[in-house]
Protein chains: 2
Amino acid sequence: MATKNSKGARIPEPTIERLPLYSRPLEELLKADIPVISSETLAKLCGVNPAQVRKDLAYFGEFGVRGVGYEVASLLKEIKKILGTDRKWKLCLVGLGNLGSALFENQNFKRRGYEFVAVFDSDPEKIGRILDNGIVVEHPDRIEATVARLNIEIGVITTPPLEAQRTAEILFAAGVRAVLNFAPIQLRKPECCVIENVDFTVSLENLAYHLAKLGKHSN
Amino acid sequence: MATKNSKGARIPEPTIERLPLYSRPLEELLKADIPVISSETLAKLCGVNPAQVRKDLAYFGEFGVRGVGYEVASLLKEIKKILGTDRKWKLCLVGLGNLGSALFENQNFKRRGYEFVAVFDSDPEKIGRILDNGIVVEHPDRIEATVARLNIEIGVITTPPLEAQRTAEILFAAGVRAVLNFAPIQLRKPECCVIENVDFTVSLENLAYHLAKLGKHSN
């Protein structure tokens, strides 16, 4: 189903994927009590070109003040509504290794409404450990019961790759409908659910590509 | 400067950003000695729709065998050439916390040609520690000398946010021209260099958006 703006026009997927980028500086501006921002300034803050910003935000036309810019508060509110970030989400983490620990401690998650409420790991040394917010590390056997009890909606997988597919299946069977997967493996997903794979090497390849282009410039 | 294919046609940026996605399954197919793949199968393996795959790969037309598919080896070679992944890159890591350790241990980096050759951290407890491959953790004071000595091209920043900007400046001054930044802060960059910011909450927001859409479907 396509996402539509308040005038009923369909908002294209690439625009939606750029909205989180725009929401970051808008949050800072709101905190700093700046009521209006020009597309040029917003573009600079996001590292996107101004024409792209104007095109994307044209879908939220009513928040633009012609010749001046956008109303920060209204624009941010609309973006959050579309992205579903105007609400809280409950997350569980499966795999408390280095990466899992880093994600659990990430301050930005909670600030943006994503809160870890359960953590699972199969290592007997970690089970029973008490983390921040009083969360106790549980064995993955407990996923089904805990997901149901706490109404957990999103699972974050940071297990070794060979355990990731089975973990995803247990999470989906338990009622989780969205998985953020950091294990370096493509997961199969049922129709009812969504998976987002995070692969750091994709970012590195983009970087290397731009670096190789820089090299051609300067030679 | 625009990237061009062997016939001189400009390849659009979104196509280039999807190339790493295509290269993953192609590598697996090459290992399995499968010489040709159809666009339908490749699309399925990448989670992209077949029309998009055909459109993107049309820029590499000579590798398509009409009605059959693409030659795996030639297509992969061309993609790697464009992405600059047909060569090795030397990386250094600044910040050996949980996230830094997870990245250092990531097997996929080295497999794809990205090798950490130096690690820096300001924690006296960590300095001098010997990691895999005999790499010794050094104080960030050593960045300039080590980057020059080892010809390091890419810096990976996993410091606390308040140290990230200064770290980037030290790296750029030392001669690094590309930075992959995991600290939750937007970094300023000089014209000569490239920065790629990795923000996990962007992936979470995409996931929450798709989950919210699913919810609308099933209600």
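Annotations for the structure displayed:
- Computed over the alpha-carbon atoms, the range A:145-219 gives an Rg to Rh ratio of 1.23, Rh here being the Kirkwood radius from the mean inverse distance.
- If you wrap the Cα atoms of the range B:89-201 in a convex hull and average its projected area over all directions, you get 6.7 nm².
- Fully extending the segment from residue B:135 to residue B:191, taken as 0.36 nm per residue of separation minus the present Cα-Cα distance, adds 17.0 nm.
- Pairs of alpha carbons in chain B whose separation is greater than 24 Å (percent): 55 percent
- For chain A, the relative contact order works out to 13 percent when only alpha carbon pairs closer than 8 Å and six or more residues apart are counted.
- Across the identical copies, the 7 Å label point of residue A:128, projected outward along Cα→Cβ, sits 3.5 nm from its counterparts, in ascending order.
- Within straight-line cross-link reach of residue B:88, aspartates and glutamates at Cα separation under 15 Å, skipping those fewer than 8 residues along the same chain: A:205, B:115, B:153
- Residue B:34-residue A:173 FRET efficiency (beta carbon distance; Förster radius 51 Å; 0.05 resolution): 0.95
- The range A:13-82 - percent relative contact order, Cα under 8 Å, separation 6 or more: 38 percent
- Expected 222 nm ellipticity per residue - DSSP helices of 4 or more, -39500 (n - 2.57), all of the protein assembly as shown, to 500: -14000 deg cm²/dmol
- Size estimate for the protein assembly as shown follows the Kirkwood approach: the inverse of mean 1/r over distinct Cα pairs works out to 23.5 Å.
- Summed over all non-identical Cα pairs, the Kirkwood treatment of the range A:13-82 gives a radius of 11.7 Å.
- Of A:80/B:126; B:110/B:189; A:77/B:44; A:44/B:110; B:31/B:213; B:80/B:189, those spanning more than 30 Å from alpha-carbon to alpha-carbon: A:80/B:126; A:77/B:44; A:44/B:110; B:31/B:213
Bear in mind that the values in this text are calculations on the coordinates, not laboratory data. Remember, it's a predicted structure, so these values are computed and weren't measured experimentally. Cβ sites come from the backbone with ideal geometry, for glycine too, and all protein chains shown count toward neighbours.
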